[in-house]
Every structure is written in structure tokens, then in C-alpha cells.
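Reviewing the structure listed below.
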Amino acid sequence: MTDVASLGSEPGDDRPVLTNRQGHPVYDNQNQRTVGARGPATLENYQFLEKISHFDRERVPERVVHARGATAFGYFEAYGKWGDEPVSRYTRAKLFQEAGKRTPVALRFSTVIGGRDSAETARDPRGFAIKFYTEDGNWDLVGNNLAVFFIRDAIKFPDVIHSLKPDPVTFRQEPNRIFDFMSQTPETMHMLVNVFSPRGIPADYRHQQGFGVNTYKWVNRSGDTVLVKYHWIPKQGVRSMTGADAAAVQADDLGHATRDLHEAIDRGEYPEWELVVQMMSDDDHPELDFDPLDDTKVWPENDFPPKPVGRIVLDQNVSNNFAENEQIAFGTGVLVDGLDFSDDKMLVGRTFSYSDTQRHRVGPNYLQLPVNQAKGTKVRTNQRDGQMTYYVDGAGENPHVNYEPSITGGLHEGQYPTHDDQGPEIRGRVTRKRIPRVNDYKQAGQRYLLMEEWERDDLVHNFVDQLSQCVRPVQERMVWHFLLVEDDLGLRVGKGLGISPEDVAHLEPLNGQDLTDEDKQRL
Ligand code: HEM
């Protein structure tokens, strides 16, 4: 094989030589081919046309949400047990079983609403998406830093995101559009109390928590299931910014969080998070005042104590931002044996959405890209072709056989798992109904009361600032909700807006709204 890298070098110059994508050495990268030094360009100008047309296609569509982000690599290390209790009692997932076992990971942090080059100081939830390259194939856990979410049914996702994204006419994020939607959607209160507190602007990616948010299941060797929630606790501690802190940082740097992560890893200060899980038995828990499948709720830690199961360490930066941060693709459907979905109505919608958008955003063969490929196991499918096919998946003995079943050497099905039947039996009629026990205000109020004084002040300040840019009916409805969340919050935001409890007393509960007895007493 000719090493084009050496062709055309001056004697003694051992730097590699530039080539085009066909491997042809490039001896002039400054001038295109023209007829004479001042004459017209020629169409057979292959080198120039290839260079420009590739440049024209350098961008793929950015993510519809979470466009701005930063990825780093590292490992997950399992503890194998907590106290005397082996993790195998609850899950057979191999990555958790042995103490000290390491699984390579990629972690992408992100903001949600802004575009790919937007400010990382935005008041916005932060994404916390992890890809575990396990021996059973990939597992993705795609979460955020705030433990809960705005809505509980995936059918509302395009609406909540549209309200938060720029106005389609002015292309400005408009508080009136945001709170117009939120004021009609009481389940958003818990998330709003988080997003508009200092937690809504983490100091950087290293000093934030991560949460799986949705409810998943663990499955053991006997097919027994438990409901689980995942939490990541940063060893670095949690730090947040007020709006004023953020403005000062943003004046200097739009990408301070990406820079902080990159520089810390370069310095050898590897950020670390501990994974703790909360568990409950796999049933609907009528004794609770919330539904365990509702992602607008947290599970009280006293009743469901978090159990440490491992830690994650990030010790390597990306070597190319586009290949490893832009093209990385996570999804909630990407689970391994021993982990499963729950019937959380957000989770099912998310599971369709991620791979659907990635086939559009990155292309139908996005799983062939190195950062997305399973690494701990060999991929062998009969899926073929499509745009940008990079290789043929590991075929069986006979490369002619890209179908199954076959007796002539194709791939065959694996061993049937011992317990394919799992979890409780589900019965019901097909319907469109919200879950019972929505209880939209109580946990939002508890969160408010748990805040430190300065956090409450900041929250009230931020709500008043945003709501003062909204029309009066939206302001009144928000004050009405806040009075139901916690009197003090409603009174303080109301005062800032010049709206008293008497001003909102005429408001009726929203159409179809379920209020608890406690809520009714507050009205
Ligand atoms: C990214 C949809 C709810 C966390 C995305 C993307 C879509 C999406 C389409 C872009 C993916 C890509 O282009 O690769 C949805 C839908 C949801 C939902 C339909 C509700 C039904 C949530 C929730 C969380 C979350 C509740 C947090 C727990 C994330 C994260 C990313 C993301 C972290 C960025 C992943 C990355 O870094 O590449 N989501 N999402 N999403 N979503 Fe969601």
C-alpha cells in the first residue's frame, strides 16, 4: 500500500501530507483550478468540489431538545451489595453484581431549550444521560438534575416544549407563553418550584445531581420485579447560581460548564457521582397519596431509603466533539436483561421518541457509529443497508443468509430466558384517563418549605420577575396555584404582582381538575 502521507513531502519533512477523501495527495490547498490565473473555474475541479460539498453538509439537524451539551467518558464501578444484602436479590443485571466490576460509560450533560451554541447559564433543567457499554449490550439512563418533570403523560410533551421554546413569530422565549401553558397544567407546579429556584441554574455540570426521574423496574433471576428510581449524587457537592451570578458568568463565557468539565478532566480532577436507588414493591401502592408511576413526584426517602449500588467516574474527554457529543444517541428503550420499563406513561412515549428522532437526526444507521455501538458484546443482526451503512453486522457462517430462521448457516435465536413472564398481571379497559391521585400541589409545597431562606427569596424574585411579563389572567391563575402549593409562596408572589388572595377567590378549579381534601381546605 502506498503511503500517500509521504508523497509530495520535501526531503526531510516528515509531517503527514494532506489528502482528499479518495486518498489523493493534495499539493495545492490554496488555489482552485482555473483557466489561467484569472480565468473561470472548471467543473471537473474534483478536489475543490468535494471539499466544499462536504463542508456544505457538515451539520446534522441539532437535537430538538437538549441541543447544547458536553460528553465525557469513564467507568461505572459496582458495589455488588448494600450492607449484607446482595443486589442480585433484586436485579440480575450483570453490571451490578460483583463489587469492583467496572463498565465503560459515556455521560452527556445538557441544557434543554436553547440551541447548540446557546448559553449554558440558562435557567433550564439539565440533562444527565448515561450510556453503559455492558457485556449484555448498551444500557442508557436518560435523566435530569431535578428529580421530577413538568408533565406526566407523553402526549403533552410537544406542548410543554413549544411553550418553553422561542415564540414562533418573535423568536424570543416569552414568559407569557410559558406561564399560559403552565397555569393551565397544575402538574407542572413541582417542577416549576425547582426550575425557578437556584437549582434551576446549576453552577456547572460537575456540581449537579442526576436522576432517572421516570420509574423503572428491576427483575431478579426468579422473574420478581420491584419498582425503582435512580439518583446520582455528586461527590463534588451541589452548587447553584442565582440569576445575577449567571448573568456575570454569561457576560464572559457562553460555554462555562463545558469548559469546566473539560478542564477538570484534563487536570486529572475526575468528577464522580454515586448511584443510589429507591425501591418499592411492584404494585400501585394505594396507601400512598401519589402514584408511583407519576414522574412529577419524588418518593419520600424515609419510606423508601436510597441504597448505594455503585459510582461513576469520568476520566476522559471526547477526542472529537461532533463524533462523540453531537452524534451520541441515548434512549429510554435501551435496557439490558435485569432492568425493565414500568407503565409510567411518560416512559412509554419517550421510548418511541428517542430512536425515532435519531433515525431522522443522525440517520438510520446511527447505531453503527463508534460512540453508539455496543462495545461489551458483538452486534449481529439481519438488518441491512440504508443511508450511510458503514459495515455489515456480524453475519453468521453464511453471508448469503440475511434472514432467520434458516438451516444454512444464518444467525439463530438465543436461549429463551428462564423467566420471560414477569411482574404483576395487568387488567383494564382501553381508555383515555389521567391517573388517580394526581396530588399536584403537596410535594411542590414540601419542596418550598425545605428550601433555605435565600433560596425561597430567589424563587419568589424569579417568579415575580417572569410573571410580571404576563397578562393578568395568567398571573391570577398562577397566584391561585401558588396559594395551593403553600400559602407563603402564594402570598409573596401575589404581593410582588399586586394580587391578593381575594383577587383570585373567584377562580374555580380548572376544568377536570382533581383537588385533594387538603387542597379544598386551602381554597
Ligand atoms: C433528549 C424527547 C422527556 C431527558 C430528547 C430528545 C427527544 C426527547 C426527541 C432528543 C434526542 C436526540 O436527538 O438524540 C422526549 C419526550 C419526552 C421526554 C417525547 C416525554 C414524553 C424527558 C424527561 C427527561 C428527558 C422526563 C428527564 C428525565 C432528556 C435528555 C436528553 C433528551 C437528558 C438529551 C440526551 C442527550 O444528551 O443526547 N428527549 N423527552 N426527557 N431528553 Fe427527553
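The values are calculated or read from the model by the stated rules, or taken from the named source; none is laboratory data. All values reported here derive from a predicted model rather than from experimental measurement. Glycine also receives a Cβ, built like all others from the backbone with ideal geometry; neighbour counts cover every protein chain displayed.
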Original post:
Name the residues in the range 434-478 that are modelled with pLDDT of 95 or more and of a type in the set (Val, Ile, Thr), would you?
Top reply: Val438, Val460, Val464, Val471, Val474
**OP:** Would you be able to say whether some residue in the range 28-50 is within 26 Å of Val362 (Cβ to Cβ) and surrounded by 13 or more Cβ atoms within 10 Å (Cβ to Cβ)?
**Re:** yes
**OP:** Any chance you could count how many residues in the range 334-358 are within 16 Å of Phe128 (Cα to Cα) and touching a helix residue (DSSP H, G or I) at 6+ places or on another chain (Cβ under 7 Å)?
**Re:** 1
**OP:** Can you work out which of the residues in the range 167-207 that are more than 16 Å from the ligand (Cβ to nearest atom), without any contact (Cβ under 8 Å) to a residue 60 or more places away in the chain and over 23 Å from Ala248 (Cα atoms) is surrounded by the most Cβ atoms within 10 Å (Cβ to Cβ)?
**Re:** Arg177
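Could you pull out every one of the helices (runs of 4 or more DSSP H) wholly within the range 151-263 that has 3 or more residues that are touching a helix residue (DSSP H, G or I) at 6+ places or on another chain (Cβ under 8 Å) and under 21 Å from Val460 (Cα atoms)?
Passing ranges, in order: 175-183, 189-195.
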**OP:** Collect the residues in the range 25-64 that are within 16 Å of the ligand (Cβ to nearest atom) and either over 30 Å from Lys165 (Cα atoms) or of a type in the set (D, E, K, R) (or both), keeping them in residue-number order.
**Re:** Arg59, Glu62, Arg63
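Considering the range 315-365 alone, what residues qualify as being of a type in the set (Ser, Thr, Tyr), in a loop (DSSP other than H, G, I, E, B) and under 16 Å from Phe149 (Cβ atoms)? Full working, then the answer.
Just the residues of the range 315-365 that are of a type in the set (Ser, Thr, Tyr), to begin with: 319, 332, 342, 351, 353-355, 357.
Going one step further and asking which of them are in a loop (DSSP other than H, G, I, E, B), we end up with 319, 332, 342.
Scanning the range 315-365 gives Thr332, Ser342.
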Subject >> Of all residues making up the range 239-264, the number that are buried (at least 18 other Cβ atoms within 10 Å of the Cβ) and in contact with a His (Cβ under 7 Å, 6 or more places away or on another chain) >> reply: 1
